[in-house]
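Every read-out reported here was derived from the displayed coordinates using simple, explicitly stated rules and does not represent laboratory data. Not measured: the values here are computed from a predicted model. Here the Cβ positions follow ideal geometry from the backbone for every residue, glycine too, while neighbour counts run over all protein chains shown.
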Amino acid sequence: MSAQHPLVTEQMRERVRRARRVFVLTGAGVSAESGVPTFRGGGGTAVWKGMPFSLISSAEMLERDLPAVWEWFDYRRSVLGSLQPNPAHLALARWQNLFETFTLATQNIDGLHRAAGSRDVLELHGNIWQARCAICGARRDLRAGDDNVRPPVCCECGGLMRPDVVLFGEMLPEGVFEHAAQRAGECDLCFVIGTSALVYPAAALPEIARRAGAYVIEINPELTPLSGECQAVIKGRAGEVLPLFDS
Ligand code: BV8
Ligand code: ZN
């Protein structure tokens, strides 16, 4: 075990050493040290052309102005394009081989967990590098071709494609939340990393783990509505704290 660190107690290390079924939920904070802007607690603040995040990233806006939604996500892709996984993503990728079962569920659409080598990531809110046909559901990797037609047109049915992300007011991808909830309900150790825990149903996952008797550790420089529910709260930055658990 690496040297003692005031933020990570021996009791937490012991819990990690003895854990068999681990569940992790991440939010924008885990990508902050990669340079990805966080949302600062969900939808209120104006983020795009005077529109709050909860409007420009909503099903209502998709209906009203699909080109505007594409413009917003094209901008987000331009910000994300050059960003790399940080030590937090890399630590979680290493952890996937250390436990009997390891489940990584993320609210992030940036794809950085996958880029860090994490397999089977449950992308609760989709992936910004993918488009999905609004008619037949066919998907397309936006990094594959240099298709700058906006909105992209589906090769299968000629329908218009939309970003393959979950917008406010939309259901999560078929079965993904259910799978995450099942794993959260079976885990003995749950990490909640870099989320303000305000967006549902994702924020319900640590509560499911807690109610099932899991030991819940929150990693966040700030307290959140979940902090009181957790057995341990580490007030630190994920990229600095997660490597401290490396044996
Ligand atoms: C749905 C993709 C069924 C798009 C996103 C129950 C109660 C109230 C409201 C609802 C409810 N159930 C449903 C709702 C409505 C809504 C909702 O939750 N609204 C909130 C705002 C109250 N939920 C939905 O609409 C969901 N769908 O419920 O469908 C339905 C359908 C119709 C009607 C009813 C129900 C869909 C939600 C998904 C929306 N899409 N993203 C895009 O990205 O544009 S949500 C998006 O915002 C993210 O994915 C994420 O989920 C959320 C942002 O939160 P965080 O990731 O936590 O980021 P944030 O910036 O807030 O916080 C960062 C944290 O990191 C901070 O705490 C900070 O301190 C910390 N931090 C900073 N640096 C670091 C750090 N931590 C560690 N290390 C660091 N270095
Ligand atoms: Zn189609």
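Counting beta carbons within 10 Å around each of THR195, THR106 and listing the fewest first gives the order THR195, THR106. Across GLY159, GLY50, GLY126, mean-square fluctuation computed from a Gaussian network of the chain (C-alpha pairs under 10 Å connected) peaks at GLY50. Largest first, the extents of the alpha carbon coordinates of segment 119-247 on the three principal axes equal 52, 29, 26 Å.
Taking a ≥ b ≥ c as the square roots of the eigenvalues of the Cα gyration tensor, segment 55-113 is oblate, since a/c reaches 1.5 or more and a/b is not larger than b/c. When the P(r) of segment 85-189 is calculated, the portion above 22 Å amounts to 41% of the C-alpha pairs. Peptides 62-69, 217-224, 228-235, 107-114 ranked from most to least packed, by the mean per-residue count of other Cβ atoms within 10 Å: 107-114, 217-224, 228-235, 62-69. Distant-in-sequence amide contacts of TYR215, defined by a placed amide H-H separation under 5 Å and a gap of 5 or more residues or a different chain, comprise LEU189, CYS190.
With a Förster radius of 25 Å, plug the Cβ-Cβ distance of GLU60 and MET171 into 1/(1 + (r/R0)^6) and report the FRET value to the nearest 0.05. Working shown, then result.
Working: r = 15 Å, r/R0 = 0.59.
With a Förster radius of 25 Å, E is 0.95.
Within the chain, the ratio Rg/Rh, alpha carbon atoms throughout and Rh by Kirkwood, equals 0.98. Note on GLU222 and GLU14: their simple-model spin labels are 3.4 nm apart, each label 7 Å out from Cα toward Cβ. Cut-off 10 angstrom, C-alpha nodes, Gaussian network model of the chain. Which of ALA28, ALA212, ALA184 fluctuates the most? With Cα springs under 10 Å in the chain, the top fluctuation among ALA28, ALA212, ALA184 is at ALA212. Counting only DSSP beta bridges whose two residues both lie in the chain, roughly 35 percent are antiparallel.
Centre-to-centre separation between the Cα atoms of segment 98-132 and those of segment 178-198: 13 Å.
Show me the helices of the chain, taken as full DSSP H stretches, that run 15 Å or more along their long axis by Cα and average -1.0 or above in Kyte-Doolittle hydropathy. Walk me through the numbers before you get to the answer.
On the way: long enough: 66-80 (21 Å, -0.06); 176-186 (16 Å, -0.56).
Answer set is 66-80, 176-186.
Normalised radius of gyration (Cα atoms, divided by 2.2 N^0.38 Å) for segment 119-180: 1.17. For the pair ALA232 and GLU71, label points projected 7 Å from Cα toward Cβ lie 4.8 nm apart. The stretch between ARG139 and GLN182, if pulled fully straight at 0.36 nm per residue, gains 12.9 nm over its current Cα-Cα span.
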